[in-house]
Amino acid sequence: MLDVVGVPEVADLFADIPQVLRAQARADLPPGLPELDVRRRLEALAARNTAPQVPCFLGAGAYPHFIPSVVDHVLQRAEFYSAYTPYQPEVSQGTLQAIFEFQSVVAMLLDLEVANASMYDGASATAEGVLMALRLRPKRRRVILSRALHPQYRDVVRTYTSGAAPIELVEAPLAADGCTDLAWLGDHVDDQTAAVVIGYPNFFGVVEDLDPVARLVHDRGGVLITATAEALALGLLKPPGAYGVDIAVAEGQSLGVPMSYGGPGVGLFATRGEFVRMMPGRLVGEAFDDAGRRGYVLTLATREQHIRREKATSNICTNHGLMALAFTVHVCTLGKAGLRKLAIANTAAAHRAAARLGAVPLGAWQLPFSAPFFNEFVIRGAEAERAWQRARERGVIAGLPLRRWYPELADALLLCVTEAHDDAAVDRLIEGLS
């Protein structure tokens, strides 16, 4: 086999892996243990974790929300949790129906005509949206990413596009109010711009005004993409499709999926019906047989496992079926009115907490952005990181220090407040940061 491949030894097959990342010796694993001993060992390790009573105000793409017990009740049915992707759709009617319902919910939330059978997460959905926009505008090679878009989403877009034909990725700066700088967009969106990607809400929780952005992008022949990291916001905000957005993506974790240290999530992806042939992933449809009986079919499968690679629109190999089901069950349990009520409760809780922090004596904290926000907001103080560490020592995780991704906001924290934070938790936050 080495002769055919054209390398002298097996080690040469690993040449692309940096030496520092290669194992230098066999793993030094302990001998096997009886099941009872393993259980005791794992319980001892788990006991070292931070107690769940510690208030955590982290958001930034993964959000703490209450998950109704009915979600797990449905997920734990063996036909769902043990099933994989439907390679034989005709005999996977239950799985296909669940995916069909998921697509229907996503299309309604984003107010677009067609939604696919899920992406890995919000970041991969954003990157797939950029690649789709480049297919829709094949003669244009520039993509503008808002600097207020989630930093990790921007990183994933760079990774996805790095192996494609030359693509120019440009970052649109922030305006003083925390939104994308519309004046800058007016100067830089031109006939070479394939797409503009905007967070909705953006990374700072700020609700961008999509009307002028949509007019600008469409007037110049581009594709507008919105990326929503907090799907619950869609229960309150005007949906992207109502603004004329061409591709809307989102991370669905906040509805039905636990935070789980950052994953897994579930990517939502919707677009206009006229673009369906350019859409990545798969599409489940509803059909009827000769006897009028309803059934579900795999209507469109443009992934490379199903068709020739050069014709494929995506190399995503599966859908996050179980997470998509959790999302669907949670949204359907809430219903339209319940979803809106929960979103309003989140907005109210975040604004109450922001007002209290702004009233801390001596003006220790200010809200630097004046634009409206959903359930996340930025606070700024002279010694933000020291205050964050002090709060941590007092048993409170006071959001996310922004220095890592935004050096110009080195003195700022990003806080998330949801229905999961009661008054006592917010009291501890105020005390920790005072």
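The values are calculated or read from the model by the stated rules, or taken from the named source; none is laboratory data. On a predicted model such as this, the values are computed, not experimentally measured, just so you know. Neighbour counts run over all protein chains shown; Cβ positions are idealised from the backbone, glycine included. Ligands, DNA and RNA are excluded from the accessible area calculation, which covers all protein heavy atoms including side chains. Shrake-Rupley method; radii C 1.70, N 1.55, O 1.52, S 1.80 Å.
Might you check whether a residue that is touching a helix residue (DSSP H, G or I) at 6+ places or on another chain (Cβ under 8 Å) and open to solvent by less than 20 Å² (accessible area, probe 1.4 Å) occurs anywhere in the range 167-175? Step through it out loud before you land on a result.
Initially, the range 167-175 is screened for residues touching a helix residue (DSSP H, G or I) at 6+ places or on another chain (Cβ under 8 Å), giving 167, 169-173, 175.
Adding the requirement that they be open to solvent by less than 20 Å² (accessible area, probe 1.4 Å) leaves 172.
There is at least one residue in the range 167-175 that is touching a helix residue (DSSP H, G or I) at 6+ places or on another chain (Cβ under 8 Å) and open to solvent by less than 20 Å² (accessible area, probe 1.4 Å).
Can you pull out every residue in the range 355-375 that is buried (at least 20 other Cβ atoms within 10 Å of the Cβ) and either modelled with pLDDT under 95 or under 21 Å from the mean Cα position of the chain (by Cα) (or both)?
Filtering the range 355-375 down to residues buried (at least 20 other Cβ atoms within 10 Å of the Cβ) leaves 357, 365, 369, 373-375.
Passing the criteria: Leu357, Trp365, Phe373, Phe374, Asn375.
For Val378, indicate whether it is touching a residue at least 60 places away in the same chain (Cβ under 8 Å), assigned to a strand (DSSP E or B), buried (at least 17 other Cβ atoms within 10 Å of the Cβ) and of a type in the set (Val, Ile, Thr). Steps first, answer last, please.
Details: touching a residue at least 60 places away in the same chain (Cβ under 8 Å): yes; assigned to a strand (DSSP E or B): yes; buried (at least 17 other Cβ atoms within 10 Å of the Cβ): yes; of a type in the set (Val, Ile, Thr): yes.
So Val378 passes the test.
Checking the condition more than 28 Å from Val217 (Cβ to Cβ), surrounded by fewer than 23 Cβ atoms within 10 Å (Cβ to Cβ) and over 17 Å from the mean Cα position of the chain (by Cα), which residue from Ser104, Ser162, Ser92 passes?
Details: Ser104 fails: more than 28 Å from Val217 (Cβ to Cβ); Ser162 fails: more than 28 Å from Val217 (Cβ to Cβ).
Sole residue among the options that is more than 28 Å from Val217 (Cβ to Cβ), surrounded by fewer than 23 Cβ atoms within 10 Å (Cβ to Cβ) and over 17 Å from the mean Cα position of the chain (by Cα): Ser92.
Could you tell me which residue of the range 113-134 is most open to solvent (accessible area, probe 1.4 Å), considering only residues that are closer than 15 Å to Ala164 by Cβ and aliphatic (A, V, I, L, M)?
Leu131
Quick one: in the range 68-83, of everything that is open to solvent by less than 60 Å² (accessible area, probe 1.4 Å) and assigned to a loop (DSSP other than H, G, I, E, B), which residue is farthest from Thr328 (Cα to Cα)?
Residues of the range 68-83 that are open to solvent by less than 60 Å² (accessible area, probe 1.4 Å), as a first pass: 68, 70-71, 74-75, 78, 80, 83.
Remaining after also requiring assigned to a loop (DSSP other than H, G, I, E, B): 68, 83.
Details: Pro68: 12, Ala83: 17 Å.
The residue in question is Ala83.
Take Thr302 and decide whether it is within 21 Å of Glu113 (Cα to Cα), open to solvent by 10 Å² or more (accessible area, probe 1.4 Å) and of a type in the set (S, T, N, Q). Outline the logic, then answer.
On the way: within 21 Å of Glu113 (Cα to Cα): yes; open to solvent by 10 Å² or more (accessible area, probe 1.4 Å): yes; of a type in the set (S, T, N, Q): yes.
Yes.
State whether one or more residues within the range 411-428 are crowded, with 17+ Cβ neighbours inside 10 Å and free of Cβ contacts under 8 Å to residues at least 40 places away in the same chain.
Looking through the range 411-428, at least one residue is crowded, with 17+ Cβ neighbours inside 10 Å and free of Cβ contacts under 8 Å to residues at least 40 places away in the same chain.
Taking Leu45 as the residue in question, decide whether it is modelled with pLDDT under 90 and surrounded by fewer than 10 Cβ atoms within 10 Å (Cβ to Cβ). Spell out how you get there, then give the answer.
Working: modelled with pLDDT under 90: no; surrounded by fewer than 10 Cβ atoms within 10 Å (Cβ to Cβ): yes.
It is false that Leu45 is modelled with pLDDT under 90 and surrounded by fewer than 10 Cβ atoms within 10 Å (Cβ to Cβ).
Quick one: which residue in Leu13, Leu109 is open to solvent by 60 Å² or more (accessible area, probe 1.4 Å), assigned to a helix (DSSP H, G or I) and of a type outside the set (Asp, Glu)? I'd like the intermediate steps shown before the answer.
Details: Leu109 fails: open to solvent by 60 Å² or more (accessible area, probe 1.4 Å).
Only one candidate qualifies: Leu13.
What tally of residues in the range 181-212 results from selecting those that are open to solvent by less than 10 Å² (accessible area, probe 1.4 Å) and outside any loop (DSSP other than H, G, I, E, B)?
Number of matching residues: 10.
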